[in-house]
Amino acid sequence: MKIYRSRIMLIVLAAVLTQTGCKTIERALYNVLRATVNNKLFSTQVVSGTVVAGRLTLAATTTTGSQAMTIVVPSTIKPGNYKLTSTGSYLIEYKAGNHDVYAASSGELTITSHDTNLKKIKGTFHFKGLNLRSASVDVTNGSFTVSYY
């Protein structure tokens, strides 16, 4: 009888996941954004992506909110290399633990793939960021894989 109940529960669980949650669970599990900031690893626990008004925003933060990184690009961006500046269509910002925000003043964003049907984007980046006091950070070895909504 226990074996029968276990099989029924597995079948029901599989049906529920198939109908409601697989894509949501998959998206949450595979969203990643990493980089090296001033020779220290920046790895986040919370990564999300959204499209609003034709702009795709990828947001990554630690669970404490002490550090964050945001990438903003046109939602129709194609694979290729894009120069980063503090103004323009391709923006990256890094927020340090002391709430200083460093905007990319130079660098490059490379989109390696972007599937607008599956809503999944992958790429790499590096940049020099400046804050309002002209302090700088060097961000290298940046990479991301994000599913967005």
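Points worth noting:
- Count of the range 107-141 residues which are surrounded by fewer than 16 Cβ atoms within 10 Å (Cβ to Cβ) and in a loop (DSSP other than H, G, I, E, B): 7
Listed here are the residues, each with its yes/no results for (1) touching a Leu at 6+ places or on another chain (Cβ under 8 Å); (2) assigned to a loop (DSSP other than H, G, I, E, B); (3) aliphatic (A, V, I, L, M); (4) exposed (fewer than 13 other Cβ atoms within 10 Å of the Cβ).
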residue: Thr70; (1), (2), (3), (4): yes, no, no, no
residue: Val73; (1), (2), (3), (4): yes, no, yes, no
residue: Thr76; (1), (2), (3), (4): no, yes, no, yes
residue: Tyr82; (1), (2), (3), (4): yes, no, no, no
residue: Thr87; (1), (2), (3), (4): no, yes, no, yes
residue: Ile92; (1), (2), (3), (4): yes, no, yes, no
residue: Gly97; (1), (2), (3), (4): no, yes, no, yes
residue: Ala104; (1), (2), (3), (4): yes, no, yes, no
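- Any hit, the range 45-57, residues being touching a Phe, Trp or Tyr at 6+ places or on another chain (Cβ under 8 Å) and within 15 Å of Phe125 (Cα to Cα): no
- When residues in the range 37-91 are screened for being under 16 Å from Leu109 (Cβ atoms) and polar (S, T, N, Q), 9 of them pass.
- Subset of the range 110-140 (residues that are of a type outside the set (Val, Ile, Thr), farther than 14 Å from Tyr94 by Cα and modelled with pLDDT of 95 or more): Ser113, His114, Asp115, Asn117, Leu118, Lys119, Lys120, Lys122, Gly123
- When Ala53, Ala60 are screened for being out of contact with any His (no Cβ under 6 Å at 6 or more places or on another chain) and without any contact (Cβ under 8 Å) to a residue 24 or more places away in the chain, only Ala53 passes.
- Flag if Gly65 is more than 12 Å from the chain's Cα centre (by Cα), under 19 Å from Val32 (Cα atoms), part of a loop (DSSP other than H, G, I, E, B) and small (Gly, Ala, Ser): yes
The values are calculated or read from the model by the stated rules, or taken from the named source; none is laboratory data. Just so it is clear, the model here is predicted, and its values are computed rather than measured. Cβ sites come from the backbone with ideal geometry, for glycine too, and all protein chains shown count toward neighbours.
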